[in-house]
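Engineer: Input: one structure, supplied below.
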Amino acid sequence: MAAIPGTALAQDAAVDTSGDIIVTAQRQEQKLQDVPVSVTAFGSEQLRDNNIETVADIATRTPGLSASAVDPINTNFAMRGIGSAPGISQNAGGDPSVVVFVDGVYAGRGGTPDLDVLDLERVEVLRGPQGTLFGKNAIGGIVQFVSRKPSADNSFYFEGTYGNYDRVGVIARGNMALTDKIYLSAGLSHKQRDGFEFNETTGHDVNDQNVTTGRVALRFVPTDTLDIILRADVSHQDQKGNPRHNNCDTSFDGGVHCVGINPDPRVVNAYIDGLIKRTTQSYSAEVNLDLPFGTLTSLTALRKVDFEFETPFFSNPINPPNQIESTDFGDEKNKQFSQELRLAFDAFDGRLSGQTGVYYLKENTDRVQGQIQDFATPAITGIGIFPQSVNARSFAIFGQLDYEIVPSLTATVGARMTWERKSGRFAGYKGDDGPGLPPPLGTLGGYDVTAAKKWKAFTPRFALNWKATDDVLLYGSVARGYKSGGFQGLSGTAAGASTPYDPEFAWSYEIGAKTDWFDRKLRINAALFKTDYSDLQVSQLVPLCCVVVSNAAKAKIKGAEVEVVVRPVQGLQLDGSYAWLDAKFSEYTIPGQAYTGNRLPRSPKHKFNIGGQYETPLGELSGKLRVDYSWVDDAYFEASNIPQQLWPSHQNLDARLSIAGPGEQWELSVWGKNLTDELVPTYVTYFGAYRQILTPYAPPRTYGVTVAFKI
C-alpha cells in the first residue's frame, strides 16, 4: 500500500476495525489519518512487496527524505533539507539531525541492524522537529523501526534468496509461547554477495556484502497491568572495502593523477581492497505498567558498536606496481546507555490527554581515524593520525498535552528542556614521512588537547487540529528544534580541535490536510511547511587542509508535499507522491568563500514517485505484481554547490512478481531493483588542486528469486 505522510496504509500492521493502520507516532495508538503530523508508515507486507531491505530503500519512497552514504555502513539522512553531513559523522562527538530508533532505542552511531531479522511490524518516518514526545531530541525528523512483540501465537517463517552477483540470503524467524504468561521470539539472518566493483590492481571484487544478524525477545505478562519485554540483537559484518573511483575533471590536465585511470565507474585501481568490519550489540528492557491514572513506561538500553574501516580513496596506477595512493583508515568503539521514563495519561472523560517523561543518555566514543599518503616518485610515505575520545551526557524533561476545546477541535501544547555536556581529548600527529610531503599531511602539526562544553535548550511545540468531517482532518503546528554542538574531529590545528561548533536551532511551521473521498477509494493528503534555521552545522572540505564543521548563520526552507492513493477496482491500487523543496542558505560565509544563496546539501528541488499494485486470485493461489518508479532532481553534496559536487538527477525502477499458496503459507517471488541500471553516486569528494573527483556508487541493477513459507 502507498506510503504517504500521515496517510500511508499498511495491510498487516496493527489496524482498527475500519482497516486504518494504527501507529504510535505520538506515543499513543492512533489511526494514521488522525495523526496531525507528517508521518509516513510502511507495514511489513509493504516492506516485503516493495523488497525494502535498507534505509536507502525507505528514503526512495518517502517524500522529503534523502539518503546518501560515504560507505555501506553509515547512512547520512537529510529530512526536508536538514541532515548531518559525513564530516560531522567523522567527529566522535557529532550528533545526527535525523534520529533512528529501533524499538524505542536510539541508534546513534554505526548504523542499524539488518532489517529482515527484526520481524518488523512497521516503519514510521516523522518529518520536522521531534522532541516533546521522544527521549532523544531530533531537529530534522525520526526514522522509527517497530518490531512485533512476542505473543501467544506459535509461528515460524523461513525465507531463502538467490540473486545476481551470487547473492545468497537466508532468514529464519519464530515465535512461541513458553507458558501462558511468557512468550519468546527469535530470528537469524545471513546475507552475502560478490562485490559490485572490480579492483584491477588486486584482481578482486570489492564492495561486497557479508553480514549475519541474530535477535531474541522475551516477553513476560504476569498480570493484566504489567508487561515486560527483554530484547537483544547482535550483528556482525566483515567484508572488503569500498575503494573510490577516480573521475578526473576533464576540463583540467591532471598530469600523473589522471594517467592510467580506467574510465569504467565500476572499476577501481586501488593497491589494496580495503575492509569494513562492524559488530553491533543492543540490549533493552521495556516495562509497561498500567496505573489508575495512566500508563508508566520504562525503557532501559545498552548499545555497543565496534566499527573498523580501511578505504583507498585515491589510487592512480601511473607505473604499476608503483602507485600514487591515499587511504583513509579508522576504528571506532561506541558505547551508549539510555534510560527513559514516560507517563501517558488522560482526564476529563478523555478531553485531556498527554504524556510526560524524562530521558538520560550517556555515550562514550573512542575513535582513531587516519590518512596514509604514498607517492611513487619521489618515494614518500606519510601517515596522519587523529585520535578522538568523547564523553557525552544528555538529560531532558519533555511532555505534551492535547485538549479538546470543543468536539472535533483539539489544541496541543508541548515542551522540552534539554541539558547536554560533551568533553573529550583530541589529537593529531604525523607518523614517519619522507621529505617534501605535500598537504594535508605535510602541513599537519602535532597537537594533543582537551576540551569541554555545556549546552541547554528550551524547545516548545504548539498545534491545532480540526476534524472537519469523519474523512477530513486539518491541522497546523509550530515547533522549535535543537541539535547539540560538538568538536572538530579532523582538525589541522590544536585551536581548531579545542574550539567547539555551536548547536543549531530551527523554528518549523506547517499546515496540512488529510482527506478521504468516495468511500475511501481516493485519498489525497497535502502539507505545506516553512523552516527558519540558525547556526546550521555544515561540513566543508577545505582544499589541502581538512574537513571543517562550521555554523551557517541562517538557512530558510520551504516546501510542499502532495500524495495520492487511488483504488478504482478490487485488487488494483495506484499511488504516488510529489515533493517540492526550496532550501537555501540565507547567510553563510567561511574564510575566502561566500555561500549565501546556495542550496543546502542533499536537497533536491523536485522529487516524485509513482507505484502500481495488482493482486488477483489464481484458482487456489494468488498473484501479485508491484512496480515502483521514482525520480529525484539534482542536488549537491556540499554547500559550495560547484558542478564537481553535483548529485545528479536520477531515477529508480523496482518491480516484484509473486505467487502465493492458500493462506499465504508459501510464496515464490521474482524481483528486480534499479532495473534501469542507473549509475548514482552516494557521495563525492573533490580535491580541486588536482581535479580529482572521488566517488562511491549505489548498487547497480540487481535481481533474484525468493522463496518463503510460514507455519
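Engineer: Cross-link partners among lysines for Lys467, C-alpha distance below 29 Å, same-chain residues fewer than 8 apart left out?
Structural biologist: Within the straight-line cut-off, Lys467 pairs with Lys31, Lys514, Lys521, Lys530, Lys558.
Engineer: Considering only Cα-Cα distances, which of the following residue pairs are longer than 30 Å: Lys136/Lys453; Lys304/Lys673; Lys277/Lys554; Lys554/Lys607?
Structural biologist: Check vs 30 Å cut-off fails for Lys304/Lys673; Lys277/Lys554.
Engineer: Would you mind computing, in nm to one decimal, how far apart the modelled labels at Leu275 and Asp194 are, each placed 7 Å from Cα along Cα→Cβ?
Structural biologist: Reported label-point gap for Leu275 and Asp194 is 2.3 nm.
Engineer: Sort 67-80, 258-271, 300-313 by packing, meaning the average of other beta carbons within 10 Å per residue, with the highest value first.
Structural biologist: 67-80, 300-313, 258-271
Engineer: Using a cut-off of 12 Å between alpha-carbon atoms, which aspartates and glutamates can reach Lys454, once sequence neighbours fewer than 8 places away in the same chain are excluded?
Structural biologist: Here the aspartates and glutamates satisfying the reach criterion relative to Lys454 are Glu420, Asp502.
Engineer: What is the sum of charges around Thr596, taking Lys and Arg as +1, Asp and Glu as -1, for the other residues whose C-beta is under 12 Å from the C-beta of Thr596?
Structural biologist: +3
Engineer: Next question, about the same structure. Using 11 Å as the cut-off for backbone N distance, which residues of the range 325-361 belong to the label zone defined by a point 7 Å from the Cα of Glu404 along Cα→Cβ?
Structural biologist: Counting backbone N atoms under 11 Å from the label point, the list is 347-353.
Engineer: Further, regarding this structure: Over the Cα atoms of the chain, what Rg and Dmax result, in angstrom?
Structural biologist: 25.3, 81
Engineer: Could you pull out every one of the aspartates and glutamates with an alpha carbon less than 13 Å from that of Lys333, ignoring same-chain neighbours closer than 8 positions?
Structural biologist: By straight Cα distance, Lys333 reaches Asp306, Glu308, Glu363, Asp366.
Engineer: Calculated FRET efficiency, Asp349 and Asp238, Cβ-Cβ r, R0 56 Å, to nearest 0.05?
Structural biologist: My answer for the efficiency is 0.45.
Since every read-out is calculated from the coordinates, none of them should be taken as a lab result. Worth saying up front: this structure is predicted, and the values here are computed from it rather than measured. Here the Cβ is made from the backbone with ideal geometry for all residues, glycine too, and neighbour counts use every protein chain on show.
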